[in-house]
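**Student:** I'd like to ask some things about the structure below.
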Amino acid sequence: MILLSDLTAVKAALRAQRIETPSWAYANSGTRFKVFPQPGVPRTPEEKIADAAKVHELTGIAPSVALHIPWDRVDDYGALTKYAHDLGIEIGAINTNVFQDEDYKLGSVTNPDPRIRRKATDQLIEAIDIMDATGSKDLKFWFSDGINYPGQDDLRTRQDRLAAALREAYDRLGDDQRILLEYKLFEPAFYATDVPDWGTSYAHCVELGPKATVCIDTGHHAPGTNIEFIVAFLLRQGKLGAFDFNSRFYADDDLMAGAADPFQLFRIMWEIVRADALDPSYGINFMLDQCHNIEAKIPAIIRSVLNVQEATAKALLVDKDALFAAQQNGDVLGANAVLMDAYNTDVRPLLAELREEAGLDPDPIAAYHRSGYQEKIVAERADGRQAGWGA
């Protein structure tokens, strides 16, 4: 039974929750086979920010939007930041794209060619300049670098090249800025990826120093990986800096968060709650990283935000005292039952009540469809090149 005092604490924690949405999720995207364009998708970084502001307006917990450079490159980042502020949101993490240039066929910062490594590292430094201009605190690196065949390049030397580029970027950071180093098991490199797992990312972050932390993309693991163990370990080490939330069935599917395995999302959020790491002051950036190829962009992002919020609410309802007592007593089934009781709780009425108390519509997706925003952007964005992959 949930006491009223406990429910008050749960609501307070949920009110403080923050989820960052990605600019690229609002634009056209697709598979290696086809991009299916949608009417009304953004044509400019400003329009992506406007869509992100609409998501925050309806959910109340998505007050920042991550940018991707060069996809979101503009001439005046100060003006872009002001535009975001005027709409009620902040510029979040700056993501670097060093994978869509012809020069990067054999890698970016680990490329055998020193000229190409210099070019890629300069792009990392440019991203920090953009952080300075926007006030962003987080610089996220994901490298597609790797090799397809044994003997194609020297594995150890590539790690040396990676470390050198990371060090140069790290030394350029301001006092309140940090690196989030993402990893990915495979793709587009198939034989060996240069940052393939959390251990590699963690080792580089430890070598760099306190301003380097690991970013966990929930879709970047081998099937069956216990992601919540990784969460618990990195929390213990003080090296968990961010999440990229999405769902996977087979590989890096980038589906809506909580769509494939909502129980996994709950287990992850329980580790966050268990460590008292949910509050923004702890420093974890809870980001989405998704590509909505066939579903409507804004409703899909709203659904993802709500799925993370629901998983968090369930995690907050775990009876810690009962769980820890069962664990100490070796009560295997009792301990599992405590977690399952929380997971099986329908938190939707609680969250609807929370939104109403904040002056929001209890059903954000229904509110979006009633708002006329989709019809508005379809009409306003009917001409011009639509933003998307490679734009």
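The values are calculated or read from the model by the stated rules, or taken from the named source; none is laboratory data. Because the structure is predicted, anything quoted here is derived from the model rather than measured. Quick reminder, even Gly has a Cβ in these numbers, built from the backbone with ideal geometry, and neighbours come from all protein chains shown. Only protein heavy atoms, including side chains, enter the accessible area calculation; ligands, DNA and RNA are left aside. Shrake-Rupley method; radii C 1.70, N 1.55, O 1.52, S 1.80 Å.
**Student:** What are the residues in segment 192-227 that are of a type in the set (Val, Ile, Thr) and part of a loop (DSSP other than H, G, I, E, B), if any?
**Tutor:** Narrowing segment 192-227 to residues of a type in the set (Val, Ile, Thr): 193, 195, 200, 206, 213-214, 216, 218, 225, 227.
Matches in segment 192-227: 195, 218, 225.
**Student:** Mind checking whether some residue in segment 269-281 is open to solvent by 50 Å² or more (accessible area, probe 1.4 Å) and polar (S, T, N, Q)?
**Tutor:** Just the residues of segment 269-281 that are open to solvent by 50 Å² or more (accessible area, probe 1.4 Å), to begin with: 274, 276, 279-281.
Next, from what is left, pick out any that are polar (S, T, N, Q): 281.
Looking through segment 269-281, at least one residue is open to solvent by 50 Å² or more (accessible area, probe 1.4 Å) and polar (S, T, N, Q).
**Student:** Please determine whether any residue of segment 37-59 is β-branched (Val, Ile, Thr) and open to solvent by 60 Å² or more (accessible area, probe 1.4 Å).
**Tutor:** No.
**Student:** Please give the number of the condition residue 389 fails out of (1) aromatic (Phe, Trp, Tyr); (2) within 30 Å of residue 50 (Cβ to Cβ); (3) modelled with pLDDT of 95 or more.
**Tutor:** (3)
**Student:** Answer yes or no as to whether residue 355 is out of contact with any helix residue (DSSP H, G or I) (no Cβ under 7 Å at 6 or more places or on another chain) and touching a residue at least 60 places away in the same chain (Cβ under 8 Å). Outline the logic, then answer.
**Tutor:** On the way: out of contact with any helix residue (DSSP H, G or I) (no Cβ under 7 Å at 6 or more places or on another chain): yes; touching a residue at least 60 places away in the same chain (Cβ under 8 Å): yes.
Here the answer is yes, as residue 355 does meet what is asked.
**Student:** Continuing with the same structure: Filter segment 238-251 down to the residues that are touching a residue at least 60 places away in the same chain (Cβ under 8 Å) and either farther than 24 Å from residue 94 by Cα or open to solvent by 40 Å² or more (accessible area, probe 1.4 Å) (or both) and list them by number.
**Tutor:** Answer for segment 238-251, where residues must be touching a residue at least 60 places away in the same chain (Cβ under 8 Å) and either farther than 24 Å from residue 94 by Cα or open to solvent by 40 Å² or more (accessible area, probe 1.4 Å) (or both): just 251.
**Student:** Picking from 183, 149, which residue would you name as being closer than 20 Å to residue 206 by Cβ, modelled with pLDDT of 95 or more and of a type in the set (Ser, Thr, Tyr)?
**Tutor:** The unique qualifying residue is 183.
**Student:** Please enumerate the residues belonging to segment 70-102 that are open to solvent by less than 80 Å² (accessible area, probe 1.4 Å), of a type outside the set (Phe, Trp, Tyr) and in a helix (DSSP H, G or I).
**Tutor:** 78, 79, 80, 81, 84
**Student:** Given the conditions (1) touching a residue at least 60 places away in the same chain (Cβ under 8 Å); (2) touching a helix residue (DSSP H, G or I) at 6+ places or on another chain (Cβ under 8 Å); (3) open to solvent by 20 Å² or more (accessible area, probe 1.4 Å); (4) not in a loop (DSSP other than H, G, I, E, B), and given that residue 338 satisfies all but one, which numbered condition is not satisfied?
**Tutor:** So residue 338 meets the others, but not (1).
**Student:** Another question about this same structure. Among the residues in segment 189-210, are any in contact with a His (Cβ under 7 Å, 6 or more places away or on another chain) and open to solvent by less than 30 Å² (accessible area, probe 1.4 Å)?
**Tutor:** no
**Student:** Next up: Touching a strand residue (DSSP E or B) at 6+ places or on another chain (Cβ under 8 Å), open to solvent by 60 Å² or more (accessible area, probe 1.4 Å) and either touching a residue at least 12 places away in the same chain (Cβ under 8 Å) or within 18 Å of residue 201 (Cβ to Cβ) (or both), is that true of residue 155? Steps first, please.
**Tutor:** On the way: touching a strand residue (DSSP E or B) at 6+ places or on another chain (Cβ under 8 Å): yes; open to solvent by 60 Å² or more (accessible area, probe 1.4 Å): yes; either touching a residue at least 12 places away in the same chain (Cβ under 8 Å) or within 18 Å of residue 201 (Cβ to Cβ) (or both): yes.
For residue 155, the condition - touching a strand residue (DSSP E or B) at 6+ places or on another chain (Cβ under 8 Å), open to solvent by 60 Å² or more (accessible area, probe 1.4 Å) and either touching a residue at least 12 places away in the same chain (Cβ under 8 Å) or within 18 Å of residue 201 (Cβ to Cβ) (or both) - is met.
**Student:** Taking segment 309-332, which residues are among the aliphatic types (A, V, I, L, M) and touching a helix residue (DSSP H, G or I) at 6+ places or on another chain (Cβ under 7 Å)?
**Tutor:** Listed by number, the residues that qualify are 311, 313, 315, 316, 317, 318, 322, 323, 326.
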